[in-house]
Amino acid sequence: MSERHDQLRDSVTRDYREMRELLSQLTPEMMRLRATDGWTVAQLAGHIAVSPRGLMFVLNRLRKGRNVRVPKPLAFVVNIRNWWMVRKFSNPTRDELLAALDDAHEALLAYISGLGEEELDRGGQFLDDGYQTVYENVMRSTDHSHEHAAVLRDAIGVRATPA
């Protein structure tokens with residue numbers, strides 16, 4: 001594998017460890033709390049847990065040179081897709097969340113390992129963020145999970161651990 005593959009694996013593994021540490025702190029009482037985004041803590045934690053699988057959907061389009069954009073009138077479709085993916089997390093246990101995260105992380109690592117060097121340079125328009133290659137999108141994906149992690153930490157009243 002290339003140096004860029006190593007960078008991608010390191011980035012997603014670092015993010016995985018941070019998210020796993022956060023999810024491992026959840027108690028049954030915390031799961032019922034509401035986050036500022038309207039989801040329960042359980043649903044938001046579920047979204048975090050399965051996000052690596054959502055990333056693979058994005059990467060699959062980008063590696064084929066296809067865009068990942070939704071016309072403004074249909075922007076609600078993203079919310080429906082997110083809801084559809086987390087509906088099974090209405091009352092999860094911490095172990096179920098961690099298992100979903102572990103499974104999604106392993107699948108993402110396998111996906112990244114299977115990408116050819118030329119596929120890392122393919123890309124397309126990503127939402128409203130402009131053109132991104134597969135490599136760039138993976139490297140930026142941690143920003144998305146950190147945004148959700150901040151909302152989750154706020155809801156459960158914990159601070160981020162220093163790096």
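Per residue, how large is the accessible surface of the chain? Use a 1.4 angstrom probe and give square angstrom.
56 Å²
Hey, rough spin-label estimate for Asp121 and Leu109, points 7 angstrom out along Cα→Cβ, what's it come to in nanometres?
My value for the distance between the label points is 2.8 nm.
Would you work out what percent of the accessible area of segment 67-124, with all protein chains in place, is carbon or sulfur (probe 1.4 Å)?
C and S fraction of accessible area: 57 percent.
Pick out which of Val77, Val41, Val151 has the largest mean-square fluctuation in a Gaussian network model of the chain, springs linking Cα atoms closer than 10 Å.
Checking each option, the largest mean-square fluctuation is seen for Val77.
Determine the gain in length on full extension of the stretch Arg159-Thr93; use 0.36 nm per residue of separation and subtract their C-alpha separation, reporting nm with one decimal.
Gain on extension, Arg159 to Thr93, equals 21.6 nm.
Can you send over the carbon and sulfur percentage of the accessible area for segment 1-59, probe radius 1.4 Å, protein chains only?
52 percent
With labels modelled as points extended 7 Å from the Cα through the Cβ direction, what inter-label distance (nm, one decimal) is found for Lys72 paired with Asn60?
It works out to 3.0 nm between the two label points.
Which log10 I(q)/I(0) values, to two decimals, does segment 1-127 give at q = 0.15, 0.20 Å⁻¹ under the Debye formula with one point per Cα?
Reported log10 I(q)/I(0), two decimals: -0.80, -1.17.
The values are calculated or read from the model by the stated rules, or taken from the named source; none is laboratory data. Please read all numbers here as calculations on a predicted model, not as lab measurements. Virtual Cβ from ideal backbone geometry, glycine too; neighbours counted across all protein chains shown. Heavy atoms of the whole protein, side chains included, go into the accessibility calculation; ligands, DNA and RNA do not. Shrake-Rupley method; radii C 1.70, N 1.55, O 1.52, S 1.80 Å.
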